[in-house]
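FYI, it's all coordinate maths here, none of it is from the lab. Quick caveat: nothing in here was measured; it's all calculated off a predicted structure. Positions of Cβ are backbone-derived with ideal geometry, glycine not excepted, and every protein chain shown enters the neighbour counts.
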Amino acid sequence: MKENSMLLAFIVFFPVLSAFVSYLIGRKNKTARNRFACIVVSVEFLSACMACFGTAEFSINGIFALGINFQSGSLRSILMVLASFVWLMTTLFSNEYFAHYRNRNRYYFFMLSTLGATMGVFLSADFFTTLIFFEIMSFTSWVLVMHDETENAIKAGMTYITVAVIGGLVTLTGMFFLYKASGTMRFDELSVFMSGVEDKTPYYIYGIMVLTGFGAKAGAFPLHIWLPEAHPAAPAPASALLSCVLTKTGIFGVIVLSTQIFMYDAKWGLFILVTGTITMFLGAFLALFSINLKRTLACSSLSQIGFILIGVGMQGILGEHNAIAACGTALHIVNHSIIKMTLFLCAGTVYMNIHELDLNKIRGWGRDKLLLKIVFLQGLLGIGGIPLWGGYISKTLLHESIVEYIAVLNEAGQSAFLFKAVEWIFLISGGLTLAYMAKIFTAVFVEKADSISNGNKNQHNKYLSGTSAFVLICCGALISVFGLFPNAVMGNIADMAGSFMNSHGMEHAVHYFAWVNLKGAVISVIIGAVVYFGFIRVFLMAKSRNGHNTYIDLWPKWLSIEKKIYRPVLLSLLPSIGGACANIMNASFEFICSKTVPAAGIVCENVLNPSFEDLYKALYFIMSRAVEFVSGLMENIFLWLLIAGVIVIRFFKGMYDYMLQVVLYLFFNYEEISYEGKRNFRKDAYFSRFSVDKYGEERGMRENLSISLMLFGIGVVLALLYLII
Amino acid sequence: MGNYLLLFPVFFPIICAFFMPLLKKQRQKELFVPLMLAFEILIVFIISFGGFKEIEVWRISSLLSISFSNDGLSRLYSCLISVIWFLAAVFSMEYMKHEEHVERFFMFYMASLGVLMGISYSSNFMTMYLFYEFMTLATVPLVLHTETHDAIAAGLKYLGYSIFGAGLGLIGFFFLCIYGSTTSFTAGGVLDPAVIAGHENFLRVVYLGMMIGFGCKAGMYPLHAWLPTAHPVAPAPASAVLSGIITKCGVLAIIRTTYYLFGVDFVRGTWVQNVILVLAIGTIFMGSMLAYREKMLKKRLAYSTISQVSYVLFGVFLMTPQALCGALLQVISHAIAKNALFLSAGAVIYKTGHTYVYELKGIGKQMPVVMVCFTIASLSLIGIPPTGGFISKWFLATGALEVPYSGIIPVIGIAVLIISALLTAGYLLTIVSDAFFPGKGFDYSKLENKEPNYLMLVPLMALAAGVLAVGIFPSGLIDVFSGITQDIF
């Protein structure tokens, strides 16, 4: 059990430590820093591979108060290897991509520390550990999003961090309650605890709170708003990391919640399923309208996350017979990461060469770049779910899981309408995926270049360095390998992941290339073709003056929840309400004092008609009562002090004001003190107006001192003198 | 002899203070303060790690005496105060170069330390009250220091509020003398059940008055208004210690009164606990919200203090071991983080003169180390791991859920903690983001390295490291706290 335990700690903390080292190296030598980063991620990848077999545990007690626990094996191992692989590839690619960037040292520092934090999330064995690394990851990746420092990037970064902070805090709150209820944070113990719970109603609320942060990171509706902004704004390697790995940390949390805490829970599953379906369709729908290469890819990520969430939801709904859904989920996580990385790196190649991402400006740039074209095509076919490529396998499994449940419902004689609808939305989204991918593929690699816009930019002979080309080839090849040998590669991965999600293994092997399964793909392809030719080419393209087609920007701004709801509510409505409350509260005490105390003074003066003398007599009376009251127990000392205080008040009232003036004058060069309007002064002299009104503050304060300072301050000074002497 | 050592940390700085005006040479002044403070730290640590000590200086009557002792809370406070005082003093060596009357500042600065030590080590109410009043009198000159019209108005406001608050505390003390068996701090309370029978609710009103009175120093509603007035006008090191340490002394007085005089059982589960919890929760929200809307950096930080110290009060008033542990953790992490923030603000003011947050665009490029420290401290205030603020928030919230009677108020408290954390992110992260990511419009050509010298940087870095250390290795502290809570509960 414990064999590889130190290795886990190494995997988490090594990148964080080397982040500091790389920063120091980077101050001296930039090439050495790049090499160092590559070595670090390679070492990380190797150790992840070493640690991925078998299960190991590692815990440090006492650190972060509750201690942290790591565990490897099953889905954790897969995610760990996947993450380190993506990091390796993007870091190799970064060398060339960032060659002309500012602040590279900062990038490498935060890139490496994000790696460590991400590993911490994936390996965590309890929610406390997850949360700690999750929060660290949010903040380190924030810097990656904003790295470009353009206005767009900063805006996107702020949206990202706002969603991350809100999500993280809500998750934290949910965890407080969960911890209170169960007394543990460990996944396995929570799972056992939950299976013994009869009434789950409060736990659904806690669960949804915990889900918020993870859902936000995954990009689930309605917290997806940051994703289509942040992913395109980041530099391409960082977008790849965000899209491929960081969203998966959210998914990891969702999976833990759904398959361990709410294990086989149909209600919870349905909730995730509905969220997933909306996210899936919304992402695909938005991607159609985008005319920015990376934005399309980001929306596509959104949509693919939706697919994964559907798998997670179906696991809950299917209960114990959820093997298909579990496999589909795990495989789609892997596929999406690899494919999206490929696509983002291709987009990065484009941006690196011509610094444009607008489809109208980069049109035709890739016509003569065979390698890039093939690799991108691999990604397209993979993500579109075309048989023989990676994505097909996982999508088929996910589709199968829905179909299976429809069959179950039909057998039971219940209405399967909802799931029929989900199935069709699933197929339509698959079709839309093909359509928007076709849109960007034709734009970049098929259509002729616009001679005006980027004719001269095509002259670069060498648009990719050797390393970057190697990275792209690797990624592209993987997608094919996954698709061509589904049972050998993907089957093993699925088996490995199963136990984490509490699935019991496939009851029968899936014949991926049987007609039943191919049918779904064919429907999607048909829908895709119809949408592409019937919608995109007709409505989203227009002839420009020189006879070329241009892509029109019809990005549905009206659909933005962020602009319509979140921003107004969070930035205007709530702060103004809260601010009003806070201001009222802030001013209330002083306001009440300023109104009631002088009024009481006037009442006293007019009704009781006291003078200075009367007041001090009254005061003396009260004080001496109090002193008498206490003196029996207190043996005289306070009596004397208070009598002395009162005498001092009586004799040195005028003296005191004079002294204060002198003190201020002598020590603080303050000359502006003068009394204005003696009559006014008398009227409310005795009582403090603790108020800050425009002119009277300092006078009010000083008059207040007349009583309170003299009573207490001087009394105590005398007390000390008395004590010392 | 061993017991007389307790007097040393209290009177040594006060005596040193009287020597300040005698030092004429610049070099002497520069060396004198840090050396004396370092010596003070040494003595404080010797006392803290030695055994329990107690000394009665002077017995006035059977009930009243001036005496000191070092129990768990005293050790915690004295160590924290002496270390922070030293760091802020090192920082001021550079900062005060652009102020006048340096020796006067340091005179009162040293004297304040002695007084604060007196509060930490006091073992009965009389002693604490005495030093509590002196704390006000010794720190007012720090606020007045710049001698501008604003500063004097603020200083007087501070004085008025503090005296009034302490007065409320004193009134309560009269009643404690009657109803209690002693006024020495005794874990579990001193109230005599036979005497208080029938007067419980009256005494709870008195208790409420004391809480509001001492809450003044801790910046609790309704007597919070001095904080945002006094902090911005004081020199940065002074506002740092005002915000980080002096407010915590109000908290100490509250802890002493609640746990060592009235006793937990007297207050827990009664209406008065609900009232003070609501006051603390309200203050948390109010402070954060006002900070969020404030544009002047130091004032923003002052509002932030109001909110953050009320986190501590929230934990103290919950009266569960876990929550008290969280409160003490928050005392430490906030003291360190807020000092780091105020000192960073001071460094920025010292080097650039900027006081408003919108002037700080791109400041992170000019003063990277300062702003990195600022960022780490900000993360702690928000409560992001791996900083101290996260751990204290975790303990506070789990402590709130531990409350034995089922009430809605602790849950509301948690919600407000979370909302306040969000607002904290809103008012601090925007500064961080503007500082490091000024946007493309930023003029890089005007960029110059404005990093201050090591006198400023080292204390800042030490504080930032402290924030992280409290967050990553809190176990040692938590052991100390559980020792304290075991005595009380």
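Considering every residue in A:577-586, what mean count of other chain Cβ atoms within 10 Å of its Cβ is obtained?
Taking the mean over all residues of the peptide, I get 6.
Rank-order B:152-158, A:31-37 by packing density, defined as the average count of other C-beta atoms within 10 Å over each peptide's residues, highest first.
In descending order of packing, they fall as B:152-158, A:31-37.
I'd like to compare A:59-72, A:572-585: which one has the highest average count of other Cβ atoms within 10 Å, and what's the full order after that?
Packing order, densest peptide first, comes out as A:59-72, A:572-585.
Once fully extended, how much extra length lies between residue A:487 and residue A:462, figured as 0.36 nm per residue of separation less the alpha-carbon to alpha-carbon distance?
5.1 nm
In terms of the Cα gyration tensor, with a ≥ b ≥ c the square roots of its eigenvalues, is region A:51-191 rounded because a/c is under 1.5, prolate because a/b exceeds b/c, or oblate?
Oblate is the answer for region A:51-191, as a/c is 1.5 or above yet b/c matches or exceeds a/b.
If I fit a long axis through the Cα atoms of helix B:102-121 and take the longest principal axis of the Cα atoms of chain B, what angle between them do I get, 0 to 90°, rounded to 10?
30
Give, in nm to one decimal, the length gained when the segment between residue A:13 and residue A:388 is fully stretched (0.36 nm per residue of separation minus the Cα-Cα distance).
131.1 nm
Return the whole-Å distance between the Cα centroid of region A:56-117 and the Cα centroid of region B:29-80.
47
Rounded, prolate or oblate, given the Cα gyration tensor of region A:5-559, with a/c below 1.5 counting as rounded?
It is oblate, given that a/c is not under 1.5 and a/b is not larger than b/c.
Greater than 30 Å separation of Cα atoms is the criterion. Which listed pairs, A:462/A:543; A:248/A:564; B:97/B:298; A:30/B:446; A:155/A:361, meet it?
A:462/A:543
Going toward the positive end of the dipole of the protein assembly as shown, with +1 on Lys and Arg Cβ and -1 on Asp and Glu Cβ, which of A:173, A:470, A:551 do you reach last?
Of the options given, the answer is A:551.
What is the angle, in °, between the Cα long axis of helix B:388-401 and the longest principal axis of the Cα atoms in chain B? Nearest 10 is fine, range 0 to 90.
It works out to around 30 degrees.
Residue B:67's amide H: which non-local residues (gap 5+, or another chain) put their own amide H closer than 5 Å, with H modeled 1.01 Å from N in plane and none for Pro or chain starts?
Amide H to amide H, under 5 Å and 5 or more residues apart or across chains, residue B:67 pairs with B:57, B:123, B:124, B:127.
Could you sort B:418-430, A:125-137, A:177-189 so that the peptide with the highest average Cβ count within 10 Å comes first and the rest follow in order?
A:125-137, B:418-430, A:177-189
Partner chain Cβ atoms within 10 Å, averaged over the residues of B:421-429 - can you pull that number for me?
Going residue by residue through B:421-429 and averaging, the value is 4.
What list of ³J(HN,Hα) couplings, whole Hz, do you get for region B:432-437 from phi and the Karplus terms 6.51, -1.76, 1.60, once you set θ to phi - 60° and write x for glycine and proline?
Couplings: 4, 5, 5, 5, 9, 10 Hz.
Can you work out the Karplus-derived ³J(HN,Hα) for every residue in region A:304-320? Use 6.51 cos²θ - 1.76 cosθ + 1.60 with θ = phi - 60°, whole Hz, and x for glycine or proline.
Result, rounded to whole Hz: 5, 4, x, 4, 5, 4, 4, x, 4, x, 4, 4, x, 5, 6, x, 6.
Suppose every Lys and Arg Cβ carries +1 and every Asp and Glu Cβ carries -1, with no other charges. What dipole size does region B:411-489 come out with about its Cα centre, to the nearest 20 debye?
That gives a dipole near 220 debye.
Are any of the pairs A:267/A:395; A:180/B:393; A:294/B:365; A:340/A:420 more than 18 Å apart by Cα-Cα distance, and if so, which?
A:267/A:395; A:294/B:365; A:340/A:420
What average count of beta carbons from other chains do you get within 10 Å of the Cβ of residues in B:183-189?
Taking the mean over all residues of the peptide, I get 0.
Once every DSSP H run of n ≥ 4 in chain B is given -39500 (n - 2.57) and the sum is divided by its residues, what mean residue ellipticity at 222 nm do you get, rounded to the nearest 500 deg cm²/dmol?
Estimated from H runs of four or more residues: -24000 deg cm²/dmol.
Quick check on region B:385-461: what are the equivalent-ellipsoid semi-axes from the Cα gyration tensor, as sqrt(5λ), descending, whole Å?
Three semi-axes, in Å: 40, 18, 7.
Straight-line reach from residue B:299: which lysines have Cα under 20 Å away, leaving out those fewer than 8 places along the same chain?
Excluding near neighbours in sequence, the set is A:694, B:157, B:217, B:248, B:338, B:351, B:361.
Two decimals is fine: what's Rg over Rh for region B:303-409, C-alpha atoms, Kirkwood radius as Rh?
In region B:303-409, Rg relative to Rh is 1.10.
Rounded if a/c is under 1.5, else prolate if a/b is larger than b/c, else oblate: which is the protein assembly as shown, with a ≥ b ≥ c the root eigenvalues of its Cα gyration tensor?
Verdict is prolate for the protein assembly as shown.
Could you calculate the FRET efficiency of residue B:445 with residue B:148 from 1/(1 + (r/R0)^6), where r is the beta carbon distance between them and R0 is 45 Å, rounded to 0.05?
Efficiency for this residue pair is about 0.80.
When a footprinting reagent is the concern and you count Cβ atoms within 10 Å, what order do A:200, A:28, B:338 take, fewest first?
A:28, A:200, B:338
Which length gain, in nm to one decimal place, applies between residue B:402 and residue B:28 when the Cα-Cα distance is subtracted from 0.36 nm times their residue separation?
Roughly 129.2 nm would be gained on extension.
Exposure proxy check: A:367, A:27 ranked by fewest other beta carbons within 10 Å?
Going from sparsest to densest Cβ surroundings: A:27, A:367.
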